[in-house]
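Quick notes on the structure that follows.
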Amino acid sequence: MFGKTRTVRLAIVGFATVTVLVLSGLTWATVVSLRLERATRKTHANQRQAEAKKDLHNRLEIARLRVDREVLQVLNSEASRAYDEYEPRGNHLEAHTENGTTAEDTPPRMGNTASWIALHFQVTEELCWTSPQLALAKPPVGETHLLHVAVAKDGSRFPTGRITCVEADDSDPLAVERKDLLDQLALEYTPELFAERIATAWNASTSELAGGTGQGRVGGVCDGAYGRLSHVVRLQRPFLPRPLECESRRQVLKATGRHPLVHVEDTVEVRVNEMVPIILPLPGHTIPTLAFIRRVDIGNERVFQGFIVDLAQLADVVRHQVRDLFEQVELELALDAEHFDKPSTRLVALPLRLVVPHSGTISLPPNTSSVRATVIFAWGIAAIALVAIGLGVKRLVSLAERRREFTYAVTHELRTPLTTFQLYTDLLSAGLVPKEKKAFYLDTLNRESRRLAGLVSEVLEFSRVESDAVHAQMRNHPVSALTDAVRERYEARCKAVSMSLCIDADEADEQALYTDPQIALQIIGTLIDNACKYAAGPSHPTPPDEQGEEARVPSTIQLRVLEPRGGKLAIEVADDGPGIPLVDRRDLFKPFHRGSGRITSPAGGVGLGLALAKRWSRLIHANLELVDQPGERGACFRLTLPAGGRSSC
């Protein structure tokens, strides 16, 4: 109404400036704190990642040492095995003794082997494949050449020149499996291929040693392209099965009295080379086969001996060895350069590497630090502080505005009576007022003095209510007593402005109110007084009667006591004046509000009446509101009070 003062504008600008500074500082502190906290968490995560890698490396090293120790014992045992232990189990030739009996099959010379060795084998330059774990084959009747009797499992004959000189009992699944594996080796490989692969593997091994990345093998003297020479002995020529170009082995035995596959010579030099790991791809196997093969030179003859590794069985052994370190572990062939660059997982004894489940990158740990909680707490405190400051500034602005409005209203209201006092007293003191008019002048001065007294009383009462100096004395009070007090005190006030006071309390006349009767009377009196100020006017015409004549009646103020509902009783004060515009209804109960339309009366006022009435209603637990009257003129105020039961009056 009065516009913003410079102080109010400065308060608003100051609050906005403080808010911006506080929020900017908190934002900067929050960003810096969160960045530092995230960097700290990332550092901790990297440390945990490094610790996890170190722990994994240590466990892998322990696991590798355990597996190498287990495997090296077996490999050393196999490497030290005598060359003649690879002789096949017995044979089906009828070797006659001196008394004419037939010799039984010779027992196997191969002792107990590791569970992860699938097959021991031997192949001669004549391509005769045997195994110390299988018996020599007996040729069918009518066959005169061993090259013609090697038949694959599916019934097809092997390529000419490659035979397996062993057989397996169909009732022994392990023997059948070994026989099938030996047949596949006979189909795919020759001694020349073995020699080539041994040379390739050995060259790769020596290159690894030269580069300093491998593990190496133990001792020995280099023997060309076939690995290191293990030892040289001079023994009786061993048993070497080979095919013969005669009609039958029985004829050889009867004609010469000698075993057809044994050459009896005094001594022979045997050169046993070191075992070399070789990868042997076989048809039908998704994973290449790992074999250890050595070359044995017996005089002028050459033979290759070795064994096949069962990787699945070896993996079970490894899992048992490292079950306390890893829940899951697998074996993987490691003969390429990439795997040689990972010595921590590669076994020394075998071209294999340990494969453990990848734990992945360790994510940032959950935020359990107090940084974020502190930031949130700081923002909460800042928000509360800003809200409190804002409310304080708003209250200060409101107080400043109310002070201005109060000053303006009181000054305006005091100016008229003071001017009247000054003028009338000057005239009376100067003797310029005729005797017949002195009574009028004195009556005017008396009225203006009462007006000033009422203004001062109203301001003081508002100050007492605002400072909580007014206390309600709640008790049951009859509705009829309240309406009688209203009629007695305010009926003459209404008649003075040519208005009539109509009280309708028939529906609740016997009811009682639980209230402070003095404060309730002041509230109703304020409403009636406002109606007298702003709704007073000329009389209103009535509808024409039967004779067509219109009668004029004065303006009316109605006081209606409604029927109690829900423990509440409502009293309405309505007039038939111009009413209250919508634009003024929002600030109707604010102090010093007098309406934007300048609805005033000669009595004036400072705009504290409805504000006082609203605050009085709160003291007695009542509610004062403006209600609409559809189809009716004027304003209607409703005061809802607690009901106190039926009156005993």
Pairing a residue in region 553-582 that is within 11 Å of Ala643 (Cα to Cα) with any residue that is modelled with pLDDT of 85 or more and in a loop (DSSP other than H, G, I, E, B), where Cβ atoms lie under 8 Å and the two sit 6 or more apart in sequence or on different chains, gives Leu569/Leu562; Ala570/Leu562
The correct count of residues that are outside any strand (DSSP E or B), in contact (Cβ under 8 Å) with a residue 12 or more places away in the chain and not polar (S, T, N, Q) in region 287-315 is 7
(Q) Considering only region 63-79, I want to know if a residue exists there that is part of a helix (DSSP H, G or I) and more than 30 Å from Met275 (Cβ to Cβ). (A) no
Of the candidates Leu396, Leu452, the one satisfying the condition of being in a helix (DSSP H, G or I) and open to solvent by less than 50 Å² (accessible area, probe 1.4 Å) is Leu452
Checked against (1) at pLDDT 80 or above; (2) in contact with a Phe, Trp or Tyr (Cβ under 9 Å, 6 or more places away or on another chain); (3) surrounded by 13 or more Cβ atoms within 10 Å (Cβ to Cβ), Val606 satisfies every condition except (1)
Inside region 151-178, the number of residues satisfying the requirement of being at pLDDT 80 or above and open to solvent by less than 30 Å² (accessible area, probe 1.4 Å) is 1
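The values are calculated or read from the model by the stated rules, or taken from the named source; none is laboratory data. Everything quoted here is computed from the prediction, not taken from an experiment. Neighbour counts are summed over all protein chains in view; Cβ atoms, including those assigned to glycine, are modelled from backbone coordinates with ideal geometry. Side chains are part of the model used for accessible areas, which takes the heavy atoms of the whole protein and leaves out ligands, DNA and RNA. Shrake-Rupley method; radii C 1.70, N 1.55, O 1.52, S 1.80 Å.
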